[in-house]
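Here the structure is laid out as structure tokens; the discussion comes afterwards.
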Amino acid sequence: MASLDRMVAYLDRELRVRDFEDSSHNGLQVANSGKVSRVCAGVDASMVFFQEAAGRGANLLVCHHGMSWGDSLRRITDLNYTRLKFLIEHDIALYACHLPLDAHPRLGNNAQLARALGLRGLKPFGAYHGREIGFAGALPKIMRYAEFKRRVEEATGSVVRSMDFGPQSVRTVAVVSGGAAEMVEEAGRKGLDVFVSGESKLEALHSAQEWGVHAIFAGHYATETFGVKAVARALASRFRVESDFVDLEIDW
């Protein structure tokens, strides 16, 4: 058993949750009785995730999209009541980390995905709320674009959507997970070959075409599994607890 307080202190410090302006209330959102033996990671704070994690014996959940956003918990009714009641009854704590987990240079969604794609020389990319939350880098050598697109599918386990307006051979790539389609314009302005994100938007089509850059969208969910997996592994290693990733296999 590990101390919940010690684990939370480590995560708050490592992820620098207080350094980010964010609508998510990052950090511990629901406490438990104070002890942790199994961590389950997931992307979203949903009942399906909670129920599966409880079945695996988890007493700490780590997710990217938590329960508490702005004044979302001003009233504990409807789904808020159902979810909170379940966590309390099962003595399960919930830790959420949104933008800090996107931006983290080692454990974050974007750093992890960029490395899974084979990018090197990573530099911050993707300005949002005064911070850069993604990364840009280069492949070790020039690659055919069709081959790189297959690499994205293999890394994320997704069937990608793409806007194919860049060169036939590529090397420089920017990665910003989730719903960051508008950042394709930054990739174009910086002269990059490919922009990789989660959800596509119509506005991105015009930017990609006019800047002459490829845009690949591998799914909001799929691109944001990387960070919570890395955090769960780090907690397991540091605090000698069991860890799991609850994959809901959402194609969105």
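The values are calculated or read from the model by the stated rules, or taken from the named source; none is laboratory data. These numbers come from a predicted model, not from an experiment. Every residue, glycine as well, gets a Cβ built from its backbone with ideal geometry; the counts of neighbours run over all protein chains shown. With ligands, DNA and RNA removed, areas are computed over all heavy atoms of the protein, side chains included. Shrake-Rupley method; radii C 1.70, N 1.55, O 1.52, S 1.80 Å.
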* Asked: Is it the case that region 133-146 has a residue that's modelled with pLDDT of 95 or more, of a type in the set (D, E, K, R), open to solvent by 70 Å² or more (accessible area, probe 1.4 Å) and not in a strand (DSSP E or B)?
  -> no
* **Neighbours by Cβ (under 7 Å, 6+ apart or cross-chain): first from region 227-243, farther than 21 Å from Pro100 by Cα; second among the polar types (S, T, N, Q) and surrounded by fewer than 20 Cβ atoms within 10 Å (Cβ to Cβ)** => Val241/Ser37; Glu242/Ser37
* Taking the condition touching an Asp or Glu at 6+ places or on another chain (Cβ under 7 Å) and open to solvent by less than 10 Å² (accessible area, probe 1.4 Å), does Val43 pass? -> yes
* Name every residue in region 159-194 that is more than 15 Å from the chain's Cα centre (by Cα) and in a loop (DSSP other than H, G, I, E, B), in order of residue number. => Val159, Val160, Asp164, Phe165, Gly166, Pro167, Gln168, Lys190, Gly191, Leu192, Asp193
* Asked: Between residues in region 32-48 that are under 18 Å from Asn80 (Cα atoms) and residues that are among the acidic types (Asp, Glu) and open to solvent by less than 10 Å² (accessible area, probe 1.4 Å), which pairs lie under 7 Å by C-beta distance while being six or more apart or on different chains?
  -> Val43/Glu224
* To do: Taking only region 185-212 into account, find how many residues are open to solvent by less than 20 Å² (accessible area, probe 1.4 Å) and free of Cβ contacts under 8 Å to residues at least 24 places away in the same chain.
  => 1
